[in-house]
Amino acid sequence: MAESGRFYVKLGGAVGDIGEIKFGFVAPKVAYENIADELGVISIDDDSSARGILFGGNYPKPPVVRISTKKLSNGTVRSAKRYCDPDKVGRVLNGSLNNQKIKINSREYDIRQVSMAS
């Protein structure tokens with residue numbers, strides 16, 4: 001089983017971060033490897049404090065994107081859902097993750113496209 005890590009995404013607070021919420025969540029450490037910066041996901045290190053971060057909140061939640069991989073040799077396509085900073089969704093949907101790699105179940109895959117998850 002993959003080792004878990006703690007992460008957060010900033011929501012709101014466009015002017016001076018007034019009203020900003022930090023949405024915290026737990027995911028496998030490798031889930032955001034290589035793609036965290038583009039998605040706006042920030043890792044909470046063991047040395048970092050989680051003060052001011054909301055864990056377990058139902059609302060508001062950050063957008064979720066579906067990242068699809070290139071076809072494998074057997075013709076199948078893998079996909080994974082990941083949280084994304086609302087301010088970075090447009091850039092991500094327009095291809096900023098193309099030609100990068102994503103880890104799914106500790107295996108690395110080439111990213112083909114990104115879409116909004118339902």
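Tabulated values for the structure
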| read-out | value |
| --- | --- |
| Subset of the stretch 91-105 (residues that are among the aliphatic types (A, V, I, L, M) and more than 13 Å from VAL65 (Cβ to Cβ)) | ILE104 |
| Candidate set from the stretch 64-80 (those that are in contact with a strand residue (DSSP E or B) (Cβ under 7 Å, 6 or more places away or on another chain) and in a loop (DSSP other than H, G, I, E, B)); member that is surrounded by the most Cβ atoms within 10 Å (Cβ to Cβ) | ARG78 |
| Every residue from the stretch 81-99 that is farther than 17 Å from ILE42 by Cβ, open to solvent by 100 Å² or more (accessible area, probe 1.4 Å) and part of a helix (DSSP H, G or I) | ASN94 |
| Residue ID - modelled with the highest pLDDT, chosen from residues in the stretch 100-118 that are assigned to a loop (DSSP other than H, G, I, E, B) and open to solvent by 70 Å² or more (accessible area, probe 1.4 Å) | ASN105 |
| Odd one out for LEU54 among (1) buried (at least 18 other Cβ atoms within 10 Å of the Cβ); (2) not in a loop (DSSP other than H, G, I, E, B) | (1) |
| Residue among VAL41, VAL64 that alone is under 25 Å from ARG107 (Cβ atoms), modelled with pLDDT of 95 or more and in contact with a helix residue (DSSP H, G or I) (Cβ under 6 Å, 6 or more places away or on another chain) | VAL41 |
| Residue in the stretch 17-35 that is part of a loop (DSSP other than H, G, I, E, B), more than 21 Å from GLU3 (Cα to Cα) and touching a Leu at 6+ places or on another chain (Cβ under 8 Å) present | yes |
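The values are calculated or read from the model by the stated rules, or taken from the named source; none is laboratory data. Keep in mind the model is a prediction, meaning the values are calculated, not measured. Ideal geometry is used to build each Cβ from the backbone, glycine not excepted, and the neighbour counts take in all protein chains shown. Ligands, DNA and RNA are excluded from the accessible area calculation, which covers all protein heavy atoms including side chains. Shrake-Rupley method; radii C 1.70, N 1.55, O 1.52, S 1.80 Å.
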